[in-house]
Amino acid sequence: MQYYKNIFSAGALLFSTLICSCSYTGKATKRLLTEAEKSAPYDIIIVPGYPFENGQWDRIIKGRVYWSKYLYDKKITRNILFSGGAVHSPYYESEIMRMYAIALGIPAENIFTELKAEHSTENVYYGYKKAKKEGFSKIALASDPFQTKMLRSYTKRRVSRSIALIPMVVDSMKLIEPAMIDPIIDFEKAYKANFIPLKKRESFWKRLRGTIRGNIDTTAYR
């Protein structure tokens, strides 16, 4: 998780183009965005969640929510699906992101949530299954460059080759950064009662398997 926090500069929400060899380069993200614009609109984008802690959104959450808003405002997608359960903190990640998205002006009727996912791979799998169940067919994954590239192989090989990839573009985010705000939300509405952190519910090896392949419930969202 610390790696994700380092993806942003300490003083501003400016994304790095070359964090490591596992991240999409700035050139690659622009190419993928151009491809998405040509294929737009998508029915829905899947946006993976991130733990909500200390009563305020992390820069990772902020980045992913604002990227989804950018894609919605540009009419690259008609709808947004945030995916993520209460994993490392007692708040449903997807519900927290939904609240922020609504506070930023995205219509509630265009936002969907998926509450089962506890790993990045599950965000894609369950997000895709939930989107299909809702009747959507043209689907994309939208996240930061590192996570998007990390999930590329899993997404194409184990979920669906039809899922497009739309990682964040640094230059696009820089343009909207001056207008970014930090809205106040009633985050307690996303609180999960009787919460037990994932590390206390699963062994290290099970969590590792989940990170690599997902502890998938194949009956979900049928």
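Please determine whether any residue of the stretch 142-150 is surrounded by fewer than 23 Cβ atoms within 10 Å (Cβ to Cβ) and charged (D, E, K, R). Yes, because at least one residue in the stretch 142-150 is surrounded by fewer than 23 Cβ atoms within 10 Å (Cβ to Cβ) and charged (D, E, K, R). Among the conditions (1) more than 13 Å from the chain's Cα centre (by Cα); (2) within 21 Å of Glu118 (Cβ to Cβ), the only one that Ser68 does not satisfy is (1). Screening Thr34 with (1) without any contact (Cβ under 8 Å) to a residue 60 or more places away in the chain; (2) of a type in the set (Ser, Thr, Tyr); (3) part of a helix (DSSP H, G or I); (4) buried (at least 24 other Cβ atoms within 10 Å of the Cβ) gives one miss only, at (4). Of everything in the stretch 101-117 that is surrounded by fewer than 24 Cβ atoms within 10 Å (Cβ to Cβ) and touching a residue at least 60 places away in the same chain (Cβ under 8 Å), the residue that is farthest from Lys69 (Cα to Cα) is Lys116.
Counting just the residues of the stretch 50-98 that are in a helix (DSSP H, G or I) and in contact with a Ser or Thr (Cβ under 7 Å, 6 or more places away or on another chain), which one comes out nearest to Asn110 (Cα to Cα)? Step by step, filter the stretch 50-98, then rank; the result is Arg98. Can you name the residue in the stretch 183-213 that is closer than 30 Å to Ala28 by Cβ and not polar (S, T, N, Q) and, of all such residues, is surrounded by the most Cβ atoms within 10 Å (Cβ to Cβ)? The residue in question is Gly210. Scanning the stretch 124-157 for residues being under 24 Å from Gly26 (Cα atoms) and not basic (Lys, Arg) gives a total of 16.
Laboratory data are not the source of any read-out in this text; all were calculated from the coordinates shown. Computed from a predicted structure; not experimentally measured. Glycine gets a Cβ as well: all are built from the backbone with ideal geometry, and neighbour counts include every protein chain shown.
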